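Peer 1: Please find one structure pasted underneath; my questions will follow.
Just so you know, all these numbers are worked out from the coordinates, no wet-lab data involved. Quick caveat, the model's predicted, so the values are computed rather than measured. Cβ atoms come from the backbone with ideal geometry, glycine included; neighbour counts cover every protein chain shown.
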Amino acid sequence: MSVTTDTVVPLPASDHAEARAAAPYTNPYLAGIGLGLVLLAAFVVMGRGLGASGAFKAFAAWTASFVAPSWAHSREFLGEYLAAGMPHPLKEWLFFEVIGVFAGALISALFARRVRVGFEKGPSVTTLARLGFAFGGGALGAVGAGLARGCTSGQALTGGALLNLGSWAFMLSVFAGGYGIAYFVRRQWT
Amino acid sequence: MTAPFFKFGMFGDEASLLVAFAIGIGFGFFLERAGFASARKLMAQFYLTDLAVFKVMFTAIVTAMLGVTYLAWLGVLDLSLVYLTPTFLLPQIVGGVVFGVGFVVGGYCPGTAVASAATGKIDALAFGAGMFAGTLAFAELQPRIAGFFTSTPMGQVTIPGYFNLPYGLVVFAVVIAALGGFYGAGIVERILGKTERVTDA
């Protein structure tokens, strides 16, 4: 908002400009309580927690099952989706949950006027480099989640709330790994 | 005991997929509310300018933890029927470090990448593509590291269980640690001089 003198009455900001400004984020503690209640609902209704990496696993298994079926069926790692007698790989709780994540995030972003096609990156890195880092980071994330049997949702949040020993070890390791590499990729963001 | 409802047979597998979708909506909604559909917001945690990731994560953990503990104590929730993923300590530690590196290199984790994609971010799609490729690469690699992959198995074990502490005591300790952490986070954010935290897109 601009500072005005007594004698000049500022024109009101146009409705269009105001309508386009993104809303500020919710207080992190309030958002955290909301997230915690969603997690609690999963425990109470389903007897399980949240997750995300599992949905990517199911989708990858399903894709591989028709692009390279004999390879896919030979993989022990994909066995929980492709072994004989298992239901369709996409009839996976996490797959439906993650579709919900997309929908819920879209709803929140629409209300907050934060839907905008683009790239998240700092000023010092090219878009192409950012996409490369994003792809590479995703690949490492998948390997890490594969080893750890889950990601920040399934292990850190879910296992964290249940005081799961392995989950807490995972969570601390994630922060260690993240802080350890941060300096070396700071150009992406600063 | 009436909960977990699904484990007591109140609805079947097909309905549970609708429940998954509904819960996912809540999950995605609050992730985006918190700003976690933004890689810049997420990464600020690792450059110590905005510690919302820590605040949201631990508030969520404490909220759900207290809820579960209280409902179990009330006799409403059968905690033994809530699934605890088995611990494989070494792979989870190594996996955690690798995941953390991927998180800061990529700018997202799987759930936040999906949320970000919903807001239109192309780099989130790239992260998702990377996850897809990485999953298949891991499926190819896993038999060669099968020994490591299943090393240090500890079964379903909790922190109070492993250290032989009363469950309520550990819950209390986590709450105190979180409150201390929140206070410390405020100090860190103030010291590092960034009064302008990442507030919006």
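Peer 1: Please list, short to long, the whole-number percent of alpha-carbon pairs of the range B:1-99 in consecutive 5 angstrom bins beginning at zero.
Peer 2: 2, 10, 11, 16, 19, 18, 13, 7, 2, 0
Peer 1: What distance in nm separates the simple spin-label points at B:VAL175 and A:ILE107, each placed 7 Å from Cα in the Cβ direction?
Peer 2: Each label point is offset 7 Å from its Cα along the Cβ direction, giving 3.0 nm.
Peer 1: Ok, one more. Going out from 0 in 10 Å bins, what whole percent of all Cα-Cα distances in chain A drops into each bin?
Peer 2: 7, 22, 32, 23, 9, 4, 2, 1, 0
Peer 1: Can you work out D for the range B:13-191 in µm² s⁻¹ from Stokes-Einstein, where Rh is the Kirkwood radius over C-alpha pairs, the temperature is 4 °C and the viscosity is 1.567 mPa s?
Peer 2: Translational D for this selection: 68 µm²/s.
Peer 1: Restricting the calculation to Cα positions, tell me the Rg (one decimal) and the Dmax (whole number) of the range B:104-150 in Å.
Peer 2: 13.3, 41
Peer 1: Please state, rounded to one decimal and in Å, the Kirkwood hydrodynamic radius that the range A:52-117 gives when every pair of distinct Cα atoms enters the mean of 1/r.
Peer 2: On the way: mean 1/r = 0.0758 Å⁻¹.
One decimal place: 13.2 Å for the Kirkwood radius.
Peer 1: Roughly what percent of Cα-Cα pairs across the range A:122-190 reach past 16 Å?
Peer 2: Percentage above 16 Å: 55.
Peer 1: At 7 Å along Cα-to-Cβ for each site, give me the label-to-label distance between B:TYR47 and A:ALA83 in nm.
Peer 2: The two pseudo-label positions are separated by 4.6 nm.
Peer 1: What does the protein assembly as shown give for Rg and for Dmax, in Å, if only its C-alpha atoms count?
Peer 2: In order Rg, Dmax, the Cα atoms of the protein assembly as shown give 21.1, 80 Å.
Peer 1: Using just the C-alpha positions of the range B:13-56 as equal point scatterers, what log10 of I(q)/I(0) does the Debye formula give at each q in 0.20, 0.27, 0.33 1/Å?
Peer 2: One equal scatterer on each Cα of the range B:13-56 leads to -0.64, -0.86, -1.06.
Peer 1: Quick check for you: which residues of the range B:35-77 have the amide N under 16 Å from the point 7 Å beyond the Cα of B:ILE191 toward its beta carbon?
Peer 2: Answer for the range B:35-77: B:46-51.
Peer 1: As an exercise, identify the chymotrypsin sites (Phe, Trp or Tyr not before Pro) in the range B:6-101 lying in DSSP coil whose Cβ has no more than 13 other Cβ atoms within 10 Å. Present the calculation step by step, with values, prior to reporting the outcome.
Peer 2: On the way: sites: B:PHE6, B:PHE8, B:PHE11, B:PHE21, B:PHE27, B:PHE29, B:PHE30, B:PHE36, B:PHE46, B:TYR47, B:PHE54, B:PHE58, B:TYR70, B:TRP73, B:TYR83, B:PHE88, B:PHE99; in loops: B:PHE6, B:PHE8, B:PHE11, B:PHE36, B:TYR83.
Listed in order of number, the matching sites are B:PHE8.
Peer 1: A further question on this structure: Relative contact order (percent) for the range B:13-191, with alpha-carbon contacts under 8 angstrom and 6 or more residues of separation?
Peer 2: The value is 30 percent.
Peer 1: Would you mind counting up the charge near A:ILE33? Only other residues with Cβ under 14 Å from its Cβ, with Lys and Arg at +1 and Asp and Glu at -1.
Peer 2: +2
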